[in-house]
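Right, one structure below, let's go through it.
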Amino acid sequence: METFAWVFVHHGGYHYLFVSNDLCCRETKSTYRTMIGARDVTGPYLDAEGKKMIDGGASPLLKANQNWVGPGGESILLQKDEDITVYHAYDAKTRTPSLQISTLTWTDGWPRGALDGDAAQT
């Protein structure tokens, strides 16, 4: 069964829809990930390439890597100096769940986050 979690955030004149979807809570078999779409509040929400989320579009924020599996269930905190996302993920080696925190940077109007072990962390 697929699981969904979502958060709306207003930043820089746009509304962002952060969604976690796919299979959650299955240890290293989790396919959960965090994706984003943006638009004015009434939508339609689009990914960075302009594809509607309702048609399968979504830009990735957090995806599994060699260290962490199933990142999702996000909360977003916008602050004066540094924005963050808090989420859960499974340790790929020990299979144990963990609370994770990542800074969010904004590049060309899109948030960027990183899991420990990502090739190009922001």
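Since every read-out is calculated from the coordinates, none of them should be taken as a lab result. In this text, all values refer to a predicted model and were calculated from it rather than measured experimentally.
The figures follow:
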read-out	value
Rounded to whole Å, sorted largest first: equivalent-ellipsoid semi-axes of the chain, Cα gyration tensor	23, 17, 12
Under Karplus coefficients 6.51, -1.76 and 1.60, residue-wise ³J(HN,Hα) of segment 75-80 in Hz, glycine/proline x	10, 10, 10, 8, 10, 5
Long-range amide H partners of Arg33 with built H, under 5 Å	Asn21
Built amide H within the under 5 Å cut-off of Asp83, gap 5+	Leu104
